[in-house]
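Only one structure is covered here, and it is reproduced in the block below.
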Amino acid sequence: MQGRGCFKVIAPTIVAALMLHMWPVPDWLAYIRPEFVTLVMIYWVLAMPERVGVTVAWCVGLLLDVTQGAILGQHALGLVLVVYIVLLEYQRIRVFSLVQQALAIFVLLLIKQVLVLWVSGMVGQAPSLELYFLPSLTGAILWPWLFLLLRNLRRRFTVSRSF
Amino acid sequence: MQSLFLRGPSVTLRTLLLVVISIVVMVADHRWHHLESVRGTIETYLVYPLRYVINLPGQFVEWGDESFSSHQVLLDEKRKLEEQTLRAQVSLQKLSVLEKENARLRKMLSAQTKIGEMVLVAEILSIDLDPYKQQVVLNKGRNNEVYIGQSIIDAWGVMGQVVHLGEHSATALLISDPSHAIPVQVNRSGLRSTAFGTGNSQQLELRYIPHNADIEIGDQIISSGLGGRFPPNYPVGRIVSIERPAGESFATVLAEPVAHLDRSREVLLVWHNPPVKDVLLHDSDVLSKEQER
């Protein structure tokens, strides 16, 4: 925990996740693209809950809203609540195996999507649901690799002690 | 020294506070449209740089394509374009005659004349937005005097309108988005309707058309200009299916947009004088304007 230096690696990963979210891909891929931003936020909360909390999550969520052209606060609300759950449960999730973690992440991603969907539905812009929750599935499948990648990054930059 | 437990009133309290703030922000943004400037600022200073970087590879490929294409290909393209220009000019000649004639006839009927429109070419950035929304990002923004609600068209017809604005970029909602509706008119019969987006970029739905309305498959629909948001008389789509289910009060009419909503790369931003103002003009004003020209 070297003071504010840790943001040197946290901020770039969040920016990279935002860019992956906007990266132009073929249509079918756009429908299964996992929510990289949510995944990366969950990782950082798990790894350093004393650094990355609900306030950071809200700001990142707002950025996500602007990049997605969503209602301001829509993704922010989802991200804040997901991060809050992780903050309550991080000690438990940390000791899970990668597969168990992936399952937990799947549930968290679903919660986020349901919250976003709920707001869309309330303003009468509900999308069709056939493929809507696929990104949660791909996100959970991708989690182990993302986890290892981010952990390597964090260790290389010696951001935090454990996990 | 790190605390072992993070739970406690402070985290819960902050979460609750942020949830309340989120809800307030959502209401302010969606209901009252108070936060366009906040969105514009975030867009300009935080999101636009990212979008710019993401768009670079696409631009590079395009540049490479142009720079390294062979002499022969360029010559062919030049010939084709010259031919197209010639054709366009020929039809323009006719058009100018028709326009004059139209203006004269309208003057005889003392109806207002069509007022010229200004356009600006903008490029669609290769950026993905929410796949469940029909939106595109353009490379022109407040710097180019783009405004919220401005119509965008491509070479074939109406595409949509600007909904969010940054300094150098703008987000446009396409006419096929489920939350979008455009007032239209059937070109052949003059029947007015509203075309709603369906979320499918190949389909629009015309609602509230009675069973006995004069409408046929293949009819062209154009923007009617009612409401003052879209310029009138631009092609919007073509009717592809009409069903008149017994027991329903309205027919189900589907149209296909003529604009290449998912293929166009270059679009036009249109400035037009809102018709509301024009209606207030007296005939004498219109005439004096005509003479000034």
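Since every read-out is calculated from the coordinates, none of them should be taken as a lab result. Because the structure is predicted, anything quoted here is derived from the model rather than measured. No Cβ is skipped: glycine too gets one built from the backbone with ideal geometry, and neighbour counts run over all protein chains shown.
Here are the numbers for this structure:
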quantity	calculated
Among residues of the range B:42-51, those that are touching a residue at least 60 places away in the same chain (Cβ under 8 Å) and more than 7 Å from every other protein chain (Cβ to nearest Cβ), counted	2
Residue within the range A:8-17 that is facing chain B (nearest Cβ under 9 Å) and assigned to a helix (DSSP H, G or I) present	yes
Residue count for the range A:69-85, restricted to those that are crowded, with 24+ Cβ neighbours inside 10 Å, outside any loop (DSSP other than H, G, I, E, B) and at the interface with chain B (Cβ under 7 Å from one of its Cβ atoms)	4
Any chance B:A172 is under 16 Å from B:I124 (Cα atoms), away from every other protein chain (no Cβ under 14 Å) and either among the small types (G, A, S) or free of Cβ contacts under 8 Å to residues at least 12 places away in the same chain (or both)	no
Residue check, A:I111 out of contact with any Cys (no Cβ under 6 Å at 6 or more places or on another chain) and buried (at least 17 other Cβ atoms within 10 Å of the Cβ)	no
So B:I222, is it over 14 Å from the mean Cα position of the chain (by Cα) and touching a residue at least 24 places away in the same chain (Cβ under 8 Å)	no
Scope the range A:124-144; condition at the interface with chain B (Cβ under 10 Å from one of its Cβ atoms) and surrounded by 14 or more Cβ atoms within 10 Å (Cβ to Cβ); matching residues	A:Q125, A:A126, A:P127, A:Y132, A:P135
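The rows are residues; the columns are (1) out of contact with any strand residue (DSSP E or B) (no Cβ under 8 Å at 6 or more places or on another chain); (2) within 9 Å of chain B (Cβ to nearest Cβ); (3) under 27 Å from B:T41 (Cα atoms); (4) in a helix (DSSP H, G or I).
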residue	(1), (2), (3), (4)
A:P49	yes, yes, no, no
A:L62	yes, yes, yes, yes
A:I105	yes, no, no, yes
A:L146	yes, no, no, yes
